[in-house]
Amino acid sequence: MGQYCILYDAKQALVVDSKIVPQFSEHKVRLLEFSQELTLNLEDGEILLAYLGDAELKTILPIVEQSGIPLGFLPHPQFINGRVAYGICSKLEDAVSDILSSKGKKMLDMMTCNGAIVLNAIKVGEPFTLTAGTAVGEKFFPKLIRFFKLVFSLGTVYPKPFKLTSRKDKAVDTAALGIILVEHGRSSVLTRRILDDSAANDGMMHALILAPRSIFEMTRFLFVSMFMRGFGRGSFWPEYIGHIKSDGITVSSSEEFVYAMDGESYTGQSIEFLVKPRCLPIIPGRFLSIDAQTPDGKERFKISSLPTGESKIALLASTLPWIHHASTEEFKELFTILRENSRASESYLILMILATTLATIGLFANSAPVIIGAMILAPLMAPIISLSMGLLRQHEQLVISSTKTIATGIILALGFSVVFTILTPLKTINSEISARLSPTLLDLGVAVVSGVAGAYAHARSEVARSLAGVAIAVALVPPLAVAGIGMGWADFSVFSGASLLFLTNLTGIVLASALTFLALGYSAFSRARRGVMWALALVILVCIPLSVGFQRMVWEHKIVRSLDGTEISGLRIQDIHVRRHSPLYLSTRLLSTEPITSAKIDQVKAHIEKLLQQPLELEVTIAIIR
């Protein structure tokens, strides 16, 4: 039979008598009313149980630390931060069960802030979005409304300068929206999900620094935090959150900041956090992580994503930008990659030859899978992206190098496709070839979107694996191969149509990539204006024939839509195709239940001419239904 002393809040005396004491009916229980001048005198083997709120508990912990008296916890209505910190169940029966079944006390750490005891967490600045997903059980539409309110509020949030220094004098000077400091990972919704090396008795504390560089980054995190809560512990780490693990951290700033300690607000310019290792004899709850090993005391810094130097200065100048602007360091890394991509290396030449040959074979074989393989192989996208950056920053060497590499690739593609065409006896325009002879504004739209994706994939290394999909979408080499086929056949219409498609893709990618790099902060607009205007002028020139092609496509669709399924003299018209525009040449299939005479075909032709109000040539395939 255990002996327990229940230290209780006088305001909750009725609850203690009616609900708590009966839970210990088989044990010896002594009641002790809490007061500020309390002196603890426990009998040998007696365990202290606190039924107190957070504020009262903080006055008891120093006494427990000095005396070594084992301390257990009962879920008081105001025991909020302490309940989370010590892993205590919110249901009284479960909390009592954990106490009665415990194997004794555990020595836990205690964190202090400027000498004051911290039960759970400190929130510095405005880290409100770190706890965006705390409303457990909230319905979808209220959560959606709260999500949009948070997103719109980001436009008024200013990052603040913070310097974090560890006990071993390792420091980081950054700009952040806020910081969360906890003694262990159970202390908040976010830390519970991302700290997988945290225990309540490891002698260490954790600082999570919220330092997004754009509203887009924050919006993405908010969405995941609020609507995709299935991420397991340790599996979800937003890119813009820095992490420091130490036994002591000092947070300071050149500006006064607000911080909340266990929900109570304070202001200051410097606060010091210390961890007293394994000083509290606690009976922990079932949700608390206990480290059975000796603490190693090693500090850990995960701060590579935090803005420093020029990035920090830029963020402090205004509210968060919508899109993250590149720092000098990030630009140097990207520029090195683009400079390498602008050169006609041996691998580039070999891949161009292989891709062109494969595309030409696929075109003659009318095989879409083979052509897709050529799209993936083709390296043309890389120097085109480099050209867009060169135009954007008016970097003459990068523009010249990229242009030479692109021109070399074009000459190789045309040359090998011409040679292959001359050696091949096939001279039929199949569906894969004809699909690249009539580009429209829709093809320009594909090129623009692909250019945005290509530039973004180069600027963000974590999405570079998507470049293969971009290459498939925009298809640079197949139009060149078709143009070469047109040259081999001496067919100007094939050559001109395919060349227009290639120019559409080229100019669309260059313009869209340049604008994307501009939006990402890789150049000032004053420097980029000239290059962007050149790219825009080329796109406008290309749009003239594309507009004609688009209007023609719309006109063809109107013809097909007006005639498909029409019945004339017992004949049904199906599968209409416009073969030629001047004079109009249509091919169609006529369905009938009986043999069709020439007179009936003439009636169909006359009816179509009347409907379209122009003469035409009609190619008919007859199908008899029985």
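Just so it is clear, none of the values below were taken in a lab; they were calculated from the coordinates. In this text the structure is predicted, and so the values were computed from the model without any measurement. Counting neighbours? That spans all protein chains shown, and the Cβs are built from the backbone with ideal geometry, glycine included.
On a 0 to 90 degree scale, rounded to 10, what angle separates helix 396-423 from the longest Cα axis of the chain?
Result, in degrees: 50.
R0 = 35 Å: FRET efficiency of E272 with L42, Cβ-based, nearest 0.05?
0.60
Expressed as a whole number of Å, what is the distance separating the alpha-carbon centroids of segment 140-190 and segment 355-397?
43
Report Rg(Cα)/(2.2 N^0.38 Å) for segment 564-624, keeping two decimals.
1.04
What is the set of long-range amide H partners of M110 at a cut-off below 5 Å, with H atoms built 1.01 Å from backbone N?
K276, R278, C279
What lysines could a cross-link reach from K28, if we take a straight Cα to Cα line under 30 Å and drop same-chain neighbours fewer than 8 places away?
Output for K28: K11, K19, K58, K91, K103, K105, K106.
With just the Cα atoms of the chain, tell me how far they stretch along each of the three principal axes, in Å, largest first.
Each principal axis gives a Cα extent; for the chain these are 115, 67, 41 Å.
Using the alpha-carbon atoms, what tilt in degrees (0 to 90, nearest 10) does helix 381-393 show relative to the longest principal axis of the chain?
Compared with the principal axis, the helix lies near 70 degrees.
Give me, ordered by chain and number, the residues 5 or more places off I6 or on other chains with an amide H under 5 Å from its own placed amide H.
Amide H to amide H, under 5 Å and 5 or more residues apart or across chains, I6 pairs with R30, L31, L32, L49.
Among M261, M204, M107, M533, what is the fewest-to-most ranking by other Cβ atoms within 10 Å?
Ordered by Cβ neighbours within 10 Å, fewest first: M533, M107, M261, M204.
Please determine, in degrees from 0 to 90 and to the nearest 10, the orientation of helix 328-341 with respect to the longest principal axis defined by the Cα atoms of the chain, where the helix direction is its Cα long axis.
Approximately 30 degrees, to the nearest ten.
For segment 61-87 and segment 486-542, what is the separation of their C-alpha centers, rounded to whole Å?
What the calculation gives is 68 Å, centre to centre.
Which percent of Cα-Cα pairs in segment 1-144 sits in each 5 Å bin, short to long?
The distribution over segment 1-144 is 2, 8, 17, 20, 19, 13, 8, 7, 4, 2, 0, 0, given as percents.
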